[in-house]
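Only the coordinates and a few stated rules stand behind these numbers; no lab work does. Since we're looking at a predicted model, the values are computed, not measured. Heads up, the Cβs are rebuilt from the backbone with ideal geometry, glycines too, and the neighbour counts pull from every protein chain shown.
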Amino acid sequence: MGEWQRDEWVDLMLDDLETWAVVGLSGDRGRTAYDIAALLQRRGKRIVPIHPRFADDPGEVLGERGYPTLADVPFPIDVVDVFRRSEAAGDFADQAVSVGAKAVWFQLGVVDSGAYRRTTEAGTPMVMDTCPAIEWRRRDDPRIA
């Protein structure tokens, strides 16, 4: 495990934090964000879809109401899970800190060391360049790691 996947932070998010805002989640079943959001639900998490399309077309994904931005969510968010390209992801880490999220998760392949530094220096745990599916599988079968 590298610095970006600290075991204690992965454990905190997977075990203790319940409400996951999934940035980039739309109703497109062919996208990885949809599959991971469904997995989060199966693991007992509440998901909150975050996608700009909800500004013009309020709707639901996986039975949960979507919001256009993190700031529009009217209740506390525990984890902001970001499915965006690395060059666009840092802004969502900053927004997560500004709305008081308890943690930030950047998905596999999403890396922004500046966002990691800013987020962790603000006291918000952050995991980067991995996926909850990978981490749950690794925990269930440590031989995978």
- Note on the structure: In nm, the gap between the two label points placed 7 Å beyond Cα toward Cβ at ALA55 and GLU8 is 3.9 nm
- Listed by chain and number, the residues whose amide H is under 5 Å from that of MET126, excluding neighbours fewer than 5 places away on the same chain and using placed H, are VAL104
- Task: Sum -39500 (n - 2.57) across every DSSP H segment of at least 4 residues in the chain, then divide by the residue count to get the 222 nm mean residue ellipticity, nearest 500.
- Result: -9500 deg cm²/dmol
- Message: Please compute the alpha carbon radius of gyration of the chain, then divide it by the globular-protein estimate 2.2 N^0.38 Å. Two decimals is fine.
- Response: 0.96
- Could you work out the local net charge near ASP112, counting Lys and Arg as +1, Asp and Glu as -1, over the other residues with Cβ closer than 15 Å to its Cβ? -3
